[in-house]
Amino acid sequence: MLLGAIADDFTGATDLCSMLVRGGMRTVQLIGLPHPDDPVPDADAVVVALKSRTAPVRQAVDESLAALAWLRAAGCRQFFFKYCSTFDSTDAGNIGPVADALIGALGCGFALACPAFPANARSVYQGYLFVGGTLLNESGMEHHPLTPMTDANLVRVLSRQSRAKVGLVDLRTVAAGAHAIRARLADLATEGNGAAITDAVFDRDLEAVGTAALERRVSIGASGLGLGLARGLIALGAATAIGATEAMGAPVGGRVACLAGSCSQATLAQIERAERAMPVLRLDPDGLVCGPQEAQRALAWASEHLERGPILLASSAAPDRVAAVQARHGRASTGHAIEQAMATIAAGLIERGAHRLVIAGGETAGAAVDRLAIPAFLVGPEIAAGVPVLRTIGAKPIEMVLALKSGNFGGPDFFMDALRLMQ
């Protein structure tokens with residue numbers, strides 16, 4: 001195993017796996033903490049998918065350190081902590097505390113941090129994170145129900161979360177190549193910094209950053225940096241490049257359903273577009289929080305429609321509606337209740353023969369995969385940048401094909417694009 005990664009949510013893990021496969025690495029995604037006696041997959045890269053992004057800080061740190069220990073015992077020497085390309089976090093964490101803990105456990109003293117993902121319009125310039133041409137804090141992410149991002153300056157954001165001093169590797173240095181990046185990182189470490197936000201605007205920037213990062217035991221960032229790491233390992237001859245995974249096996253068949261829990265602008269637009277192609281049930285978020293009746297209504301509706309073709313059930317709602325529900329029930333309680341209700345719906349869909357599922361939203365996907373007790377995925381071709389087709393491994397007797405999408409990912413026709421590839 002060349003690269004061991006720890007992802008802070010399930011869709012983020014699949015996003016990273018997609019980039020590693022694109023970069024030429026044989027990749028397996030593990031769901032949750034592996035048991036110490038679990039066999040090590042035959043792969044160039046293994047990604048451990050946690051659900052720690054919005055967990056209590058102590059829990060996030062402990063689970064991340066346990067994943068690190070398993071990867072080290074499996075023989076891995078290069079590590080990567082993957083978080084969202086919109087740096088989803090609060091001033092309490094969890095990006096900074098987890099990064100501090102991993103750096104401390106490895107005794108390396110310093111980590112490069114790069115959340116840029118140009119393929120999905122996430123770029124970092126002078127330490128500021130842009131979504132397209134818009135600053136992060138003006139992109140809609142300031143309204144995120146769990147991790148509202150109100151500051152685009154990532155040096156400031158990470159400094160508030162971390163015990164370490166945080167520096168910057170600017171775009172001029174990145175454009176000069178891996179050697180210049182290494183020199184700048186060495187200077188920052190000498191000056192007492194424990195991390196450095198690294199600019200990147202183009203894919204070629206990520207390749208230089210990824211190559212430079214390989215000189216250090218751990219790096220932290222979004223899946224774009226994973227692509228840079230993969231290409232760096234291939235260029236160094238540490239791995240032999242392969243094409244996109246084709247060993248997905250025979251078609252799974254069965255009914256098809258989509259679930260949407262993300263309240264991102266992208267997912268809301270995708271739901272609206274999907275209404276032209278399939279039946280869509282818009283769920284009542286308040287009803288999902290208050291009791292089981294709304295989930296029961298959803299499954300009764302699904303039973304009526306599944307035989308006729310794909311369906312979509314969505315708890316996603318506009319920011320003002322979400323805020324109103326949170327005001328009545330509390331932010332944390334609302335998020336947890338809706339996630340669990342959507343997981344109940346996912347399990348009910350499987351019972352009704354839907355063995356192909358598309359799930360939009362990191363927290364929704366995490367809750368659903370937990371409920372379905374899926375241990376691992378084989379990573380297949382990309383539906384959209386950062387969103388691969390996944391085939392379950394070890395989930396006998398039912399084999400499933402899934403797509404787990406971060407809220408902001410995918411084009412307007414994402415749901416239809418996914419269904420075309422999920423055979």
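If a residue has to be within 20 Å of VAL218 (Cα to Cα) and either under 16 Å from the mean Cα position of the chain (by Cα) or open to solvent by 70 Å² or more (accessible area, probe 1.4 Å) (or both) to count, how many in the range 52-66 make the cut?
5
Which residue pairs have Cβ atoms closer than 9 Å, lie 6 or more positions apart in sequence or on different chains, and pair a first residue in the range 178-200 that is modelled with pLDDT of 95 or more and basic (Lys, Arg) with a second residue that is in a helix (DSSP H, G or I) and open to solvent by 10 Å² or more (accessible area, probe 1.4 Å)?
Short answer, once both residue conditions are applied: ARG182/THR211; ARG184/THR173.
Return yes or no: is ARG22 modelled with pLDDT under 90, open to solvent by 20 Å² or more (accessible area, probe 1.4 Å) and touching an Asp or Glu at 6+ places or on another chain (Cβ under 9 Å)?
yes
With over 25 Å from the mean Cα position of the chain (by Cα) and either outside any helix (DSSP H, G or I) or closer than 18 Å to ALA116 by Cα (or both) as the only criterion, which of THR173, THR150 stands out?
THR173
Which residue is surrounded by the most Cβ atoms within 10 Å (Cβ to Cβ), if the candidates are limited to the range 252-283 and must be modelled with pLDDT under 95 and over 24 Å from VAL389 (Cβ atoms)?
CYS263
For the list (1) under 23 Å from VAL157 (Cα atoms); (2) out of contact with any helix residue (DSSP H, G or I) (no Cβ under 7 Å at 6 or more places or on another chain), I need the number of the one condition that PRO97 fails.
Result: PRO97 passes all but (2).
So if I check each of VAL322, VAL387, which one is in contact with a strand residue (DSSP E or B) (Cβ under 7 Å, 6 or more places away or on another chain) and buried (at least 17 other Cβ atoms within 10 Å of the Cβ)?
VAL387
Would you confirm, using the coordinates I've provided, whether ARG156 is closer than 18 Å to ALA116 by Cα, among the basic types (Lys, Arg) and more than 19 Å from the chain's Cα centre (by Cα)?
Considered against the rule, which asks whether it is closer than 18 Å to ALA116 by Cα, among the basic types (Lys, Arg) and more than 19 Å from the chain's Cα centre (by Cα), ARG156 comes out as yes.
Could you count how many residues in the range 129-152 are closer than 25 Å to HIS336 by Cα and of a type in the set (D, E, K, R)?
Selection size over the range 129-152: 1.
Of all residues in the range 195-236, count the ones that are assigned to a helix (DSSP H, G or I), of a type outside the set (D, E, K, R) and in contact with a helix residue (DSSP H, G or I) (Cβ under 8 Å, 6 or more places away or on another chain).
17
Can GLU215 be described as at pLDDT below 95 and either in contact with a strand residue (DSSP E or B) (Cβ under 8 Å, 6 or more places away or on another chain) or open to solvent by 10 Å² or more (accessible area, probe 1.4 Å) (or both)?
Answer is yes for this residue.
Could you please let me know if VAL358 is farther than 22 Å from HIS143 by Cα, among the hydrophobic types (A, V, I, L, M, F, W, C), under 17 Å from the mean Cα position of the chain (by Cα) and open to solvent by less than 30 Å² (accessible area, probe 1.4 Å)?
Yes; evaluated as a whole, the condition is true for this residue.
Would you mind stating whether ASP42 is among the acidic types (Asp, Glu), out of contact with any Gly (no Cβ under 9 Å at 6 or more places or on another chain), open to solvent by 10 Å² or more (accessible area, probe 1.4 Å) and over 30 Å from SER264 (Cα atoms)?
It is true that ASP42 is among the acidic types (Asp, Glu), out of contact with any Gly (no Cβ under 9 Å at 6 or more places or on another chain), open to solvent by 10 Å² or more (accessible area, probe 1.4 Å) and over 30 Å from SER264 (Cα atoms).
What's the number of the condition SER85 fails, among (1) modelled with pLDDT of 95 or more; (2) surrounded by 24 or more Cβ atoms within 10 Å (Cβ to Cβ)?
Failing condition for SER85: (1).
Quick one: would you say GLY335 is in contact with a Leu (Cβ under 8 Å, 6 or more places away or on another chain) and open to solvent by less than 10 Å² (accessible area, probe 1.4 Å)?
No, not satisfied.
For PHE80, are the conditions met, namely being touching an Asp or Glu at 6+ places or on another chain (Cβ under 9 Å), aromatic (Phe, Trp, Tyr) and open to solvent by less than 20 Å² (accessible area, probe 1.4 Å)?
No; evaluated as a whole, the condition is false for this residue.
Name every residue in the range 141-171 that is within 17 Å of THR90 (Cβ to Cβ) and among the small types (Gly, Ala, Ser), in order of residue number.
Passing the criteria: ALA152, SER159, SER162.
Can we say ASP37 is under 19 Å from PRO388 (Cβ atoms), part of a loop (DSSP other than H, G, I, E, B) and open to solvent by 30 Å² or more (accessible area, probe 1.4 Å)?
no
Tell me, which residue of the range 67-77 that is hydrophobic (A, V, I, L, M, F, W, C) and out of contact with any Leu (no Cβ under 8 Å at 6 or more places or on another chain) is least open to solvent (accessible area, probe 1.4 Å)?
The residue in question is LEU71.
Listed residues PHE130, PHE117; which is crowded, with 17+ Cβ neighbours inside 10 Å, among the aromatic types (Phe, Trp, Tyr) and in contact (Cβ under 8 Å) with a residue 60 or more places away in the chain?
None of the others qualify; the one that does is PHE117.
The values are calculated or read from the model by the stated rules, or taken from the named source; none is laboratory data. For clarity, every value in this text was computed on a predicted model and none was experimentally measured. No Cβ is skipped: glycine too gets one built from the backbone with ideal geometry, and neighbour counts run over all protein chains shown. Accessible surface areas use protein heavy atoms only, side chains included; no ligands, DNA or RNA. Shrake-Rupley method; radii C 1.70, N 1.55, O 1.52, S 1.80 Å.
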